[in-house]
Amino acid sequence: MKLSESLASRDERFTNTVIQMMRSQSYRELVAAQMFGYGLQFVPDRKLLKFMAWHVQEETTHYIDVAKLYEKHVGESVEPWVHARIAQKPMTFAESWLELAIAQWLYDRGGFWQLQEYEECSWEPYQTIVEKIIKEERGHQDLGQKYAVELCKELDDMTEAQGMFNKWLKQGLLSFGRPKTEGNEYAISVGLKKRDSGEVMKDFMLDVFPAIREAGLQLPPIESLGMEFPDDIPWEL
Ligand SMILES: [Fe+2]
Ligand SMILES: [Fe+2]
């Protein structure tokens with residue numbers, strides 16, 4: 001590692017937290033590119049193909065943006081870390097057009113909400129890059145939801161769609177990390193992020209409720225997700 005001045009001048013905890021933030025984000029952007037790229041085979045027509053290929057391109061660009069930032073400030077490539085992480089924790093893929101639309105609706109949205117917590121990040125190089133990425137992510141948000149809801153409304157039997165929904169809801173919620181950890185508290189105290197992960201989970205749930213209702217889906221029992229949640233998470237449609 002050969003830290004840039006703006007990281008070398010900070011204390012170790014701050015620097016390590018920033019490094020961790022860039023690593024996790026580059027992982028998330030790259031698996032998004034890979035997952036949506038894998039999904040191209042299920043896209044039903046050329047208009048949607050154009051949209052999905054554009055989305056893959058954008059996630060790829062986000063990955064490269066973060067990887068470049070990392071290299072500039074940490075003095076080494078993030079790629080070995082990211083590839084090791086993918087090998088250790090492989091991404092689940094969507095295996096149909098319906099599942100791809102649901103994944104885009106929930107997984108991509110999780111990343112979007114997560115990034116918003118870094119909008120005012122006290123480490124300026126990250127804040128600048130996050131601002132650009134959020135602007136672009138905003139453009140992905142509504143289309144996945146629209147297709148997912150439309151497809152669900154056409155179904156007579158919701159069993160399969162409900163299973164996909166449960167799976168991707170969890171993937172979306174995992175973007176935020178565990179609530180109330182010491183790391184969360186530290187990052188908030190030095191202005192790296194805005195709020196505790198639990199608060200972001202709550203916003204995310206409220207954001208997806210209207211489309212869940214419209215699609216005719218149900219919330220899975222909260223314990224079935226096997227995750228930690230804040231006590232006051234909204235869990236009723
Ligand atoms: Fe992205
Ligand atoms: Fe995205």
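What follows is calculated from the coordinates using simple rules that are stated; it is not laboratory data. Everything numeric here is computed off the predicted structure, so don't read it as measured data. In this analysis, Cβ positions are derived from the backbone assuming ideal geometry, glycine residues included, and neighbour counts consider all displayed protein chains.
Some observations on this one:
- Cβ crowding within 10 Å averaged over residues, with 15-21, 151-157, 81-87 ranked highest first: 15-21, 81-87, 151-157
- Of GLU29, GLU58, GLU124, the residue with the greatest mean-square motion in the GNM of the chain, using alpha carbon springs below 10 Å, is GLU124.
- Ordering of 218-226, 158-166 by packing [mean C-beta count within 10 Å, highest first]: 158-166, 218-226
- Candidates GLU59, GLU199, GLU182: whichever shows maximal mean-square fluctuation once the chain is modelled as a Gaussian network with Cα springs under 10 Å: GLU182
- Spatial offset of region 129-146 relative to region 1-76 amounts to 14 Å, using the alpha carbon center of each.
- Net charge dipole size for the chain [Lys, Arg +1 and Asp, Glu -1 on Cβ; Debye, nearest 20]: 520 debye
- With kT/(6 pi eta Rh) evaluated at 10 °C and eta = 1.306 mPa s, and Rh the Kirkwood radius from Cα pairs, region 5-225 diffuses with a coefficient of 88 µm²/s according to Stokes-Einstein.
- For the chain, a Gaussian network of Cα nodes joined below 10 Å ranks GLN88, GLN171, GLN41 by mean-square fluctuation, and the top entry is GLN88.
- Normalised contact order of region 33-107, rounded percent, pairs of Cα under 8 Å and 6 or more residues apart: 42 percent
- Trypsin sites (Lys or Arg not before Pro) lying in DSSP loop within region 190-237, provided at most 12 other Cβ fall within 10 Å: none
- Shape summary of region 106-237, radius of gyration then Dmax from alpha carbon positions: 15.8, 51 Å.
- Value of D in µm² per second that Stokes-Einstein yields for region 153-193, Kirkwood Rh from Cα pairs, at 25 °C (0.890 mPa s): 191 µm²/s
- A quarter of the convex hull surface defined by the alpha-carbon atoms of region 178-233 gives 4.4 nm² as the mean projection.
- Sorting the Cα pairs of region 1-119 by distance into bins of 10 Å, from 0 upward, gives 13, 40, 30, 13, 4, 0 percent per bin.
- Ellipsoid fit via the Cα gyration tensor, region 90-164: semi-axes of 31, 12, 9 Å, each the root of five times an eigenvalue, largest first.
- 0 to 90° range, to nearest 10: angle between helix 79-88 axis and the chain longest Cα axis: 40 degrees
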